[in-house]
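To start, the structure itself, in C-alpha cells.
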Amino acid sequence: SKGDYRHYMLKEIFEQPEVIAAALEGRLSDEGVLVESFGPEAVAHFQTLKQIHIVACGTSYHAGLVARYWLERYAGVPVQVEVASEYRYRQVVVPEGTLFVTLSQSGETADTLAALRFAKTRGYVGSLAICNVPGSSLVRESDLCLMTRAGPEIGVASTKAFTTQLVALMLLTLAIARAQGGKVDREIITALRGLPKLCQEVLALDPAIESLAQSFAEKHHALFLGRGAHFPIALEGALKLKEISYIHAEAYPAGELKHGPLALVDSEMPVIAVAPNDDLLEKLKSNLQEVRARGGLLYVFADESVGMTEEPEVQVLTLPYVHEALAPLLYTLPLQLLSYHVAVLKGTDVDQPRNLAKSVTVE
Ligand code: M6R
C-alpha cells in the first residue's frame, strides 16, 4: 500500500535510505566487500577476469554507465556498456577473460534476457545478474547473482531499484578490486555505511525541491548536464522527467554543449546541472557560464563546498558533502524528486505513465 504517500513513486523515493541499508547488509566487513556475496564461485571469477561487458535497458542501462566509471577507476578493469536491444543483434567481439553482466530490476526484460542467452554462445567466462527479483529468469539463467533488495517497486518510473543497483555495482567494483589484490578502499567502505543517513538528509530537502519544480511545469524542454560519472545521472534525470511529466528532456556531458546543444539555450530553457565537488567541477562551472551568457535558467545541484552563488537566474540546491565516489548515488535523489513534483503539478498519472509498462517482456 501507499501508506500516507500520495503515489507509490514518492513512497519508493522515500524508502531509499532503508533499502540502501538492506543492499549493504551482511556484505561488508572491515576487510572490505565480502566477495562470496556474489555466489560461491565469485572469487574464482573475479580473480581472473580481464574485462567486463555490461548490458541492460533504460534506467538499468544508466546504472551500467555509472559502473563503467567506477570499475575502471577503482578496479582498473576495462568495461563496455550497451543497451540490450542493440547488443543482441550485433557481432560482438568478446576478448578472452570477459565477464558478462546484466542489470535489471525485474529480471524479465525481454531484450536483456535475450542478450544473456546470446552471450552464452559467445565465449564469455561467465555471467552475473544484478537484479531485484529473486527467482526471475535472469537470475535463474546466470552463473552468479547479487540481489539488490529494493523490495517491490510499483511505480513504473524506477527509483529505488536504480539506487540499489548502484550500491550493488559499487560492491562489485570493490569486490573485484579486492579479488585482484588491490588495496581495500576503506574510505569508500565507510562512506557506503554512511549513505543511508546522507540520503535521509537529502530527502529532507524535498520542500525546497518542490518549490523549484514550480517553474518547470510550464516548460516544454529541459537540458540536464553532468560530467564524468554524473553524466549518466544527468541521463537518468532526463529520463525521469520525460517519462512521468512528458516534458522533453535531454542530457549531455557538459563538455559537449558547444558542439551543438548550446544552440537550444535561451531564456525558455531550464538547464539542470549535477555539480558535486569533483575533479571536473571547474570545467563544469565554465560550461555553466556559457549557459548563463545565453540567458538560460540554471538549476544547480551542488555540495556545500562548491560555492555557487545564487542569482535570479541561478538557483542552487545545496546537498551535504559526500565521498566523491558515491556522489552519483546521492545526486540521483533530488532529480527523482524534481521530476515527481513537476509531474504532480502537471497532473499526469505519476505511477502509470501513458504508453509504458513496468516490465517490458516483449521486444
Ligand atoms: O526491469 P528492468 O530493469 O530490466 O527494466 C529496464 C527498463 O525497462 C526500466 O529501467 C525503465 O527504463 C524504467 N522503468 C524507467 O524508469
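The values are calculated or read from the model by the stated rules, or taken from the named source; none is laboratory data. The model shown is predicted, which means the values in this text are computed figures rather than measured ones. With ideal geometry, Cβ positions are generated from the backbone for all residues, glycine too; neighbour counts draw on all protein chains shown.
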Which of the residues that make up the stretch 236-294 are more than 16 Å from the ligand (Cβ to nearest atom), closer than 25 Å to residue 344 by Cβ and among the hydrophobic types (A, V, I, L, M, F, W, C)? 269, 271, 272, 273, 274
Residue count, the stretch 65-107 (criterion: modelled with pLDDT of 95 or more and either among the aromatic types (Phe, Trp, Tyr) or at positive phi (or both)): 8
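If I ask for residues that are farther than 15 Å from residue 130 by Cβ, surrounded by 17 or more Cβ atoms within 10 Å (Cβ to Cβ) and either of a type outside the set (S, T, N, Q) or within 13 Å of the ligand (Cβ to nearest atom) (or both), which ones from the stretch 84-113 would you list?
85, 87, 88, 92, 110, 111
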Being assigned to a loop (DSSP other than H, G, I, E, B), out of contact with any strand residue (DSSP E or B) (no Cβ under 7 Å at 6 or more places or on another chain) and more than 19 Å from residue 358 (Cβ to Cβ) is the filter here; which residues of the stretch 7-33 pass it? 25, 26, 30, 31
Specify which of the listed residues (91, 47, 80) is in a loop (DSSP other than H, G, I, E, B) and among the polar types (S, T, N, Q). 91
Return a yes/no flag: does the stretch 7-15 have any residue that is among the hydroxyl-bearing types (Ser, Thr, Tyr) and under 30 Å from residue 97 (Cβ atoms). no
What number of residues within the stretch 242-269 are of a type in the set (Phe, Trp, Tyr) and out of contact with any Leu (no Cβ under 7 Å at 6 or more places or on another chain)? 1
The stretch 313-363, residues that are within 16 Å of the ligand (Cβ to nearest atom), within 28 Å of residue 295 (Cα to Cα) and either small (Gly, Ala, Ser) or modelled with pLDDT under 90 (or both): 339, 343
Selection from the stretch 335-363 of residues of a type in the set (D, E, K, R) and in contact with a His (Cβ under 8 Å, 6 or more places away or on another chain) yields 351
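Here's the yes/no breakdown for (1) assigned to a loop (DSSP other than H, G, I, E, B); (2) out of contact with any Leu (no Cβ under 8 Å at 6 or more places or on another chain); (3) buried (at least 23 other Cβ atoms within 10 Å of the Cβ):
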site	(1), (2), (3)
271	no, no, yes
282	no, yes, no
286	no, yes, no
302	no, no, no
336	no, yes, yes
351	yes, yes, no
So the check is Cβ under 6 Å with 6+ separation or different chains; which pairs have a first residue in the stretch 172-192 that's at positive phi and a second one that's modelled with pLDDT under 95 and buried (at least 21 other Cβ atoms within 10 Å of the Cβ)? none
Could you list all residues from the stretch 56-69 that are near the ligand (Cβ under 9 Å from one of its atoms), in a helix (DSSP H, G or I) and of a type outside the set (Ser, Thr, Tyr)? 58, 62, 63
Flag if residue 72 is free of Cβ contacts under 8 Å to residues at least 40 places away in the same chain, part of a helix (DSSP H, G or I) and surrounded by fewer than 23 Cβ atoms within 10 Å (Cβ to Cβ): yes
Can you say whether residue 53 is touching a residue at least 40 places away in the same chain (Cβ under 8 Å), of a type outside the set (Phe, Trp, Tyr) and part of a strand (DSSP E or B), as far as the supplied structure shows? yes
What tally of residues in the stretch 194-228 results from selecting those that are touching a residue at least 24 places away in the same chain (Cβ under 8 Å), more than 16 Å from the ligand (Cβ to nearest atom) and not in a loop (DSSP other than H, G, I, E, B)? 23
Given the options 123, 107, name the one that is free of Cβ contacts under 8 Å to residues at least 60 places away in the same chain and more than 25 Å from residue 235 (Cβ to Cβ). 123
Against the definition (over 23 Å from residue 20 (Cα atoms), away from the ligand (no atom under 14 Å from the Cβ) and not hydroxyl-bearing (Ser, Thr, Tyr)), how does residue 231 come out, yes or no? no
Checking residue 135 against (1) outside any loop (DSSP other than H, G, I, E, B); (2) within 16 Å of the ligand (Cβ to nearest atom), only one condition comes out false. Which one? (1)
Collect the residues in the stretch 138-170 that are more than 11 Å from the ligand (Cβ to nearest atom), free of Cβ contacts under 8 Å to residues at least 60 places away in the same chain and touching a helix residue (DSSP H, G or I) at 6+ places or on another chain (Cβ under 8 Å), keeping them in residue-number order. 141, 142, 147
